[in-house]
Amino acid sequence: MSDEEDYFLPLEDQRVFGAGIRRKRVPFVRSSEHELNTTNATTAAPNTGRPGLSIADKYLSIVMPKSSQSKTANSATEQKPAICEVCNLPLYPSSTTTTTTTIDNNYESTDTHKPHESSLAHQLCLTHSHPPSHLDRTRHGLRYLSSYGWDPDSRVGLGAPGREGIREPIKGRLKADTVGLGADGDSDDDESRRKVGIKRREREKKAEKNRPARVEKLNAKEIRKGDLEARRRGEKLKEMFYQREDVQKYLG
Amino acid sequence: MVDRRPETEDGSRAKRQKMAKTETDPKDNPYLAHMYADENSNGNGWDDSMAEKNPAYGKLKRHRTTAQLAKDVEDGEINPFNGQPFSNKYVSILQTRRDLPVHAQRDEFLQLYQKSQILVFVGETGSGKTTQIPQFVLFDDLPQTQGKQVACTQPRRVAAMSVAQRVAAEMDCKLGDEVGYSIRFEDMTSPKTILKYMTDGMLLREAMNDNTLSRYSTIILDEAHERTMATDVLMGLLKEVVERRPDLKIIIMSATLDAQKFQKYFMDAPLLAVPGRTHPVEIFYTPEPEQDYVEAAIRTVLQIHASEDEGDILLFLTGEEEIEDSVRKIALEADEMMREADAGPLKCYPLYGSLPPHMQQRIFEPAPAPRRPGGRPGRKVIVSTNIAETSLTIDGIVYVVDPGFSKQKIYNPRIRVESLLVSPISKASAQQRAGRAGRTRPGKCFRLYTEAAFKKELIDQTYPELLRSNLSSTVLELKKLGIDDLVHFDLMDPPAPETLMRALEELNYLACLDDDGNLTQLGRLASEFPLDPALAVMLISSPEFYCSNEILSITALLSVPQVFVRPASQRKRADEMKNLFAHPDGDHLTLLNVYHAFKSPEAQENPKQWCHDHFLSLRSLQSADNVRLQLLRIMERSELDMVSTPFEDKRYYENIRRALCAGFFMQVAKKETQGKNQYITIKDNQNVLLHPSTVLAIEAEWVLYNEFVLTTKNYIRTVTAVKPEWLLDIAPTYYDISTFAKGDVRSSLLRAAERLARKEKMRADPSKRR
């Protein structure tokens, strides 16, 4: 049981490689029956006392040679916070404990590692390994491009060095309606809120449109009433008109 | 200056002039005799005789000209380029020319031009750059002394023609003599020509046969900001050519201020900017996104009409249908406003590419006068596609309404479909549109979107055409230009690898490229034709099917705009007329029937009436006729036989359909087992429907199509029934059954292969028996 577990855990590490070397680290605990796991990778490590740590060290020195350099630079000029070469952030030795505790408990005590490397910003700036291109390797067109030195997995476009072009064709989106620009945005937070607002306004607008339509559908009684009112208004106007002095004078 | 000329000044006038030219050969002209004497002697002779006539001209030294010297020559009595006295018209034009903004910077331009091999020139529309800069160059480069020419490219044919015409007038010479133009299917130049306006595509074609462009001393790429495919390829090519030809000078002219990109691309070439004659434009946004941009646009136009000062309105919409619809609505509403609110009269004109020229011309009519003296002023509204954005300028526009959309071509290499989609415009495009409002006086631009949308949703620059198109013809051109390393070819914006791969594969299937990607004999031949490779291959292989005459007609008809006219009010009648020509086997054959009927003596008696009666576009048919003639010349030059199967032969139509397969075997769809009219495209597996316009009368299991139309549904348009046996026979590599996945298509192909084998056996058997 435990054998199997130990076997799979380092593999888990490998899968995330440079990307998550310590971000999602699985905590290790020494086995109580250490003599039994002789063939295991963890115990077969060099005898430095802290095998897990030294492996990680070596691992780091391979994957991140630059960050280890910056580490030494940091120790040399202690008063000025050095800038990390990978993520362009200042290295603060004091911030060690605060940041690391949350991320991983095991390494907090061991001061050999600068916790800066485990910060999210730093991790994101590391070069990642990428999955290979989806292009079908048997394609005639790919063969041609490869023969002129283009590598589909290199993640660069075509063109003169330094001026490479796009890597994926431009995608079009079919627009079959006449919805205005910005009104059919994606599920962006800001936009969805706006969308809700629009819908409400639209509903209101529709309601407004519907109202006069409803008036036309009055029942007989209401029509009679409206008719009466209109007549009364007309009479009032007539009255006002004919009762004006000058008009009456004119009419004699 | 140039832009004021409408798109509409089409071939008609130019063609007439061409005829006039052939009537009077300049060599017979006694006044010009000296020129031909000099042509054969040394280059300087030309100079000397001219210098006598125009003393100022004698002072000109190549690449030493100053603005003052050039002015003296221009003010002289005798035209230094053809030795004739200047006309009165010339003098009056000269004055207006000197008022153009570029003129003020002539010295500056000349100094930079003399100093460096490549120059980037930025001048907004209206600065006069297209007409004046090439003339500035002529006075300094003096190409006639070197036996060379100056070329100025234009993205559009109409622009090349109309600008050449204008410049010929400015230089006081006949179009086609010292100043000429060259566009696809029409060459209006002579050996005397020293300034040649041409489409960028034409210059690219010339480069294919002369890859150092040795006949030019200066090449001007105008409207480079439009980033057409040909301009992009030319820029990449010229970048290489300048290294081989230090004597060649290049000027890149752009109308927008993203010129730094050009500068950087051309090894930090010097840049000269000339301000245009523009006025400030106030920009307005909507506070909220609009639910319906068409409706909002119409409302905005009416609002402007009701409340803004005098000045014409330009509204940008996306397509013909939308435009016509809006024009109708605006006219109706405006009438009501006039009656009820005493608004001024409003005239509304549509503008789009497929509009007949005389209708396009109408946009230049002045705004209507007030209904009564002292009444509210009249206004004109132009509802236009993108054409009005850069290509042509309409004076008097003060208000621009911009919904932020345009129809843009996009190519999807995975399903090999090129389609026109309504898409948001770019920021640069929006600014260009706004700028249209400030041509005559300060203007206003109403954007029907929020400022946030402008900043967030619009891309900075419109994607260049090269990134949005099928590249097969471009790749063929590049291969012909001798550029094999397509990976590292230095384009300003290289295409996506997948798009390029698709193009290479298509050309390989068409046998234009061999398996190693080398140009084949067929490919070399196909590149001679200014056509899509599939069409070119179809044309080249048509003699094998005994129907090159017919295929040539069909090719010509497929290269021109739609020949069938279907006005909204008379759809039924139009369809009836179309059915007169219908061939049960499909639309390609129907097109052929139309063409044959059009060429009949009965129709030729009065083609205009005949086309009108039959709901056909005379313009399209005439240009098809012209294209056919031009292609015929290329075919004859390439020694391709013009043959026909006798019409009585029952294989007449079958041969044509087979020949169609030779070019379009990659555009085939097979009927689905269920669903009426439902098809699935071969290899790309797209579900498609037959376009409702098809005349195909039989239940065809396999069809070949000319066009994939992407709308809410996927349609294939212009279809003809074919047989899988033909496909297996004609394109065995593409229809290699082993590459097809199990399914309907594969089993149908297998059955066809069996039938073929059986037939083969039958043919073999009788001989055995004997």
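Derivation of every value follows stated rules applied to the coordinates shown; laboratory data play no part. This is a predicted model, so every value here is computed, not measured. We place every Cβ from the backbone using ideal geometry, glycine too, and count neighbours over all the protein chains shown.
Rounded to the nearest 10 degrees, what's the angle between the helix B:548-558 long axis and the longest principal axis of chain B, both from Cα atoms, 0 to 90? It is inclined by approximately 60 degrees. When you count the other C-beta atoms within 10 angstrom of each residue and take the mean per peptide, B:732-745, B:492-505, B:713-726, A:156-169 line up highest first as B:492-505, B:713-726, A:156-169, B:732-745. Each Cα pair under 8 Å and six or more residues apart adds its sequence gap; the mean of these over the residue count of chain B is a relative contact order of 9 percent.
Reducing segment B:382-404 and segment B:172-245 to their Cα centroids gives an inter-centroid distance of 29 Å.
Kirkwood hydrodynamic radius computed over segment B:665-764 comes to 14.1 Å, based on all pairs of distinct alpha carbons. Across segment B:536-613, the fraction of Cα-Cα pairs farther apart than 20 Å, rounded to a whole number, is 39%. The mean number of partner chain beta-carbon atoms within 10 angstrom of a residue's beta-carbon across peptide B:498-510 is 5. With 30 Å as the limit, the listed pairs B:K713/B:K742; B:K192/B:K409; B:K329/B:K407 have B:K192/B:K409 beyond it between alpha carbons. Averaging the sequence gap over all C-alpha pairs within less than 8 Å and six or more residues apart, then dividing by the number of residues, gives segment B:281-466 a relative contact order of 30 percent. The Kirkwood hydrodynamic radius of chain B, based on inverse pair distances between different Cα atoms, is 28.9 Å.
Relative to the longest principal axis of the Cα atoms of chain B, the long axis of helix B:106-115 makes an angle of roughly 60 degrees. Per residue of peptide A:147-156, the mean number of Cβ atoms on other chains within 10 Å of the residue Cβ is 3. So which of A:K171/B:K456; B:K89/B:K115; B:K347/B:K444 end up more than 25 Å apart, counting from Cα to Cα? B:K89/B:K115, as the Cα separations exceed 25 Å there. Other residues with beta-carbon under 9 Å from the beta-carbon of B:D490 carry, at +1 per Lys or Arg and -1 per Asp or Glu, a net charge of +1.
Relative to the longest principal axis of the Cα atoms of chain B, helix B:293-307 runs at roughly 30 degrees. Only the Cβ atoms of Lys and Arg (+1) and of Asp and Glu (-1) were treated as charged; on that basis the dipole of segment B:530-635 about its Cα centre amounts to roughly 400 debye.
Averaged over residues, the count of other Cβ atoms within 10 Å places the peptides B:691-703, B:433-445 in the sequence B:433-445, B:691-703, highest first. Near B:C152: Cβ cut-off under 9 Å, other residues only, Lys/Arg at +1 and Asp/Glu at -1. The net charge is 0. Taking amide hydrogens as placed 1.01 Å from N in the peptide plane, the amide H of B:C348 sits under 5 Å from those of B:V381, each at least 5 positions away in sequence or on another chain. Peptides B:373-386, B:550-563, ordered by how many other C-beta atoms sit within 10 Å of their residues on average, highest first, read B:550-563, B:373-386. The fewest-to-most ranking of B:F121, B:F81 by surrounding Cβ atoms within 10 Å reads B:F81, B:F121.
Judged by the ratio a/c of the largest to the smallest principal axis of the C-alpha gyration tensor, segment B:446-600 counts as oblate, that ratio being 1.5 or greater while a/b is no larger than b/c. Take every DSSP beta bridge whose two residues both sit in segment B:281-466; close to 25 percent of them are antiparallel.
Less than 5 angstrom separates the built amide H of B:V709 from those of B:Y715, B:I716, B:R717, all sequence-distant by 5 or more or on a different chain. Remark: mean inter-chain Cβ contacts per residue of A:132-138 equal 1, using a 10 Å Cβ-Cβ cutoff to other protein chain atoms.
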